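The values are calculated or read from the model by the stated rules, or taken from the named source; none is laboratory data. No experiment lies behind these values; they were computed from the predicted model shown. Every residue, glycine among them, receives a Cβ derived from its backbone with ideal geometry; neighbour counts consider all protein chains shown. The area values use the complete protein model at the heavy-atom level, side chains included, leaving out ligands, DNA and RNA. Shrake-Rupley method; radii C 1.70, N 1.55, O 1.52, S 1.80 Å.
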Amino acid sequence: MQTLQNSSDTHLNPSELDETVEVISITHWTKSLFSFRLQRPKSFRFNSGEFILLGLTDNTGKSVLRAYSIASPSWDDTLLFYSISVEDGPLTSMLSKIKKGDGVILKRKPTGTLVLNALRPGKKLFLFATGTGIAPFASLIRDPLIYENFAEIILVHTCRMREDLAFGQLILDLRKKDSLLKGSNKKQLKYFPTLTREKFVNEGRITDLIISGVFFREIGILGFCSESDRAMVCGSLDFNKEMKTILLNAGLAEGSISDPGDFVLERAFVG
Ligand code: A2P
C-alpha cells in the first residue's frame, strides 16, 4: 500500500525532500499512546485523511521514517499525529521521547486512499477505526467538505480500554469549537465507541457487533444500504480484511482514487 523511499533517493523533486520541522507539543494519553503536534511548513498542502512519512535520525545517523496519518484537518496551521509506542519499535521508541522544540523529519509527499474523492457520492458515511486507526478520521471529521459530501457520518472506534478513547474524545471536543463547521454540520456526526476489554455501554469488537446486528439496532438502521452508504476503514490488517468481507457481502464495492467506489481501506500505523 505504501512505499518507503530511501532518504538518499536522488530522483525526488524538491517538494518531496526531507525537511526538519519543530515539535510544538506532545501528549501522552496512556503508557503506549501519545500524540504530537508539529509545525506545518507554509507551503505544505495535503487532503484531510492522507498520510505522510515522518521520522527521526537514529544514533548511527540513519533516518528512520514511517507512514503516519495526519490527524489534523487540511485547514489547520499545525500538523497533529497520533501514535502507539512500541518498546523495541525502531521509530516509536525514539518518537515517544521527543520534547517541545525537537526536530522531526517530514517528507512532503502526502498520499493515501482515505480521501473523499476515492468514494462515489452517497448519503451516509461510516468511518470504522480500531486503535490508532482513528487518526485519519480525526482529520476528516473536522473538514467542512465531508459534511458537504454526506448527510450523515458515523464514526466508529473500537479500543481495548476506556482510556484508549481519550484522544478521539479530545478531537470531538476540538470539533465542537471549530468555527469552519456550521451548527448543522455538528449535528451530522454520530460517534459510536466500543470497548473490548472493559465494561462499557457498547461492548465487543465492531465486527462482531455488525454481524450480530447489535450495531444497526443501536444506531437505528436495518443494515447497510449499498445504494447510499459509503465507508472508510482504518485498523489492523485483520480488521481491514474482516471489514472488507462484511462490506463486500453487503453489496458495497471497494474503491480507490483512480476508481472511486463505495468503501476504502487503509492500514493503521502499527509500530
Ligand atoms: P480485542 O481486544 O478483542 O483484541 P489493538 O490494541 O490490538 O490494536 O486493538 C485495538 C482494538 O481493536 C481492540 O479493541 C481489539 O479487540 C480490536 N481488534 C483487533 N483486531 C480486530 C479485528 N480483527 N476485528 C475487530 N476488532 C479488532
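Some points to look at:
- Hits in region 114-125 - residues which are open to solvent by 10 Å² or more (accessible area, probe 1.4 Å) and part of a strand (DSSP E or B): L119, K124
- Residue in region 38-49 that is assigned to a strand (DSSP E or B), at pLDDT 95 or above and either touching a helix residue (DSSP H, G or I) at 6+ places or on another chain (Cβ under 8 Å) or hydrophobic (A, V, I, L, M, F, W, C) (or both) present: yes
- Residue in region 107-117 that is within 30 Å of T20 (Cβ to Cβ), free of Cβ contacts under 8 Å to residues at least 12 places away in the same chain and basic (K, R) present: no
- Region 240-252, subset in contact (Cβ under 8 Å) with a residue 12 or more places away in the chain and open to solvent by 20 Å² or more (accessible area, probe 1.4 Å), residue farthest from the ligand (Cβ to nearest atom): G251
- If you go through region 253-269 and keep only what is of a type in the set (S, T, N, Q) and touching a residue at least 60 places away in the same chain (Cβ under 8 Å), you end up with just S256.
- F137 being open to solvent by less than 10 Å² (accessible area, probe 1.4 Å), within 15 Å of the ligand (Cβ to nearest atom), part of a helix (DSSP H, G or I) and of a type outside the set (G, A, S): yes
- When we screen F128, F150 for residues that are under 21 Å from F224 (Cα atoms), open to solvent by less than 30 Å² (accessible area, probe 1.4 Å), within 16 Å of the ligand (Cβ to nearest atom) and of a type outside the set (D, E, K, R), the only hit is F128.
- For region 221-238, taking the residues that are of a type in the set (A, V, I, L, M) and open to solvent by 20 Å² or more (accessible area, probe 1.4 Å), the one that is nearest to the ligand (Cβ to nearest atom) is identified as L237.
- Any chance S226 is more than 24 Å from V115 (Cβ to Cβ) and at pLDDT 95 or above: no
- Single condition G183 does not satisfy, out of (1) within 22 Å of the chain's Cα centre (by Cα); (2) more than 16 Å from the ligand (Cβ to nearest atom); (3) exposed (fewer than 15 other Cβ atoms within 10 Å of the Cβ): (1)
- Looking across region 199-220, the residues that are open to solvent by less than 60 Å² (accessible area, probe 1.4 Å) and either free of Cβ contacts under 8 Å to residues at least 40 places away in the same chain or within 16 Å of the ligand (Cβ to nearest atom) (or both) come down to F200, N202, G204, I206, T207, L209, I210, G213, V214, F215, F216.
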